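Chemist: There's a structure below that I have some questions on.
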Amino acid sequence: MVEFPLNNLDLSNFIQDHNFLKMNDITCQYDLCGVINHYGSLTYGHYVSNVKNPYDHKWYKYDDHFRIPIEESQLSKESAYILFYVRKDINSKQLQDIFPSSSQIFPGLPLRTKFGDGFVLGPKRPEEGEDEVSIYYVQISKRVEVHEMQVTEILKILEREEIYNETPYTS
């Protein structure tokens, strides 16, 4: 059995850029909002979902076409298969505050560059005396290349709306 918290799962130890979190008012605390349980063996079984309703804050068990309210203490940790967590500060934010705008640079941002399709890996540490990040590392997909790109160059790409929605790994 895997032990997991129902509230206040803290992932801050796994975050590389704490300044990004502070600048964007992002917390690393998560609350459990759903559990998929599996009953059976590796070759067959049955799945049951438990979901916390965000409006009434009550837990419900979904088993085939039945939905019944349950107490939090009735969540089955022994058969938990997939856990779903929601960041604690999500409910107090607007959608545009949660997702980056098309003019923000963030790790994983897909880009179509002069070098080929790729994505932003992350910022290069500022040189001594520099206050802001001015260079980002960009990984070019399907190659073992990492390029340094100026922030201004990346912003020009974003302005031309060369961001595409599918993952750069698709062929």
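Chemist: Net charge near Tyr60: determine it from the other residues with C-beta under 12 Å of the C-beta of Tyr60, scoring Lys and Arg +1 and Asp and Glu -1.
Modeler: Residues near Tyr60 contribute 0 overall.
Chemist: Shifting gears a bit: Using the structure shown, list the pairs from Lys93/Lys156; Lys114/Lys156; Lys93/Lys124 with a Cα-Cα distance above 18 Å, or answer none. Walk me through the numbers before you get to the answer.
Modeler: Values: Lys93/Lys156 29 Å; Lys114/Lys156 12 Å; Lys93/Lys124 29 Å.
As for pairs spanning more than 18 Å Cα to Cα, those are Lys93/Lys156; Lys93/Lys124.
Chemist: Now for a separate question. Determine, for Thr27, Thr113, the number of other Cβ atoms within 10 Å of each Cβ, and report the residues in order from fewest to most.
Modeler: Details: Thr27 13, Thr113 16.
Ranked by crowding around the Cβ, least crowded first: Thr27, Thr113.
Chemist: Follow-up. Could you list Lys124, Lys114 in order of exposure, starting from the residue whose Cβ has the fewest other Cβ atoms within 10 Å?
Modeler: Least crowded to most crowded, the residues run Lys114, Lys124.
Chemist: Then there's this: Mean residue ellipticity at 222 nm from the helices of the chain, using -39,500 (n - 2.57) per DSSP H segment of n ≥ 4 over the full residue count, to the nearest 500 deg cm²/dmol?
Modeler: -2500 deg cm²/dmol
Chemist: Summing +1 for each Lys or Arg and -1 for each Asp or Glu, what net charge is found among the other residues whose Cβ lies under 12 Å from the Cβ of Gln29? Present the calculation step by step, with values, prior to reporting the outcome.
Modeler: Details: positive: Arg87, Lys88; negative: Asp10, Asp31, Asp89.
So the environment of Gln29 carries a net charge of -1.
Coordinate-derived values only; no laboratory data. Note that this is a predicted model, so its numbers are computed, not measured. So basically every Cβ, Gly included, is an ideal-geometry build from the backbone, and we count neighbours across all protein chains shown.
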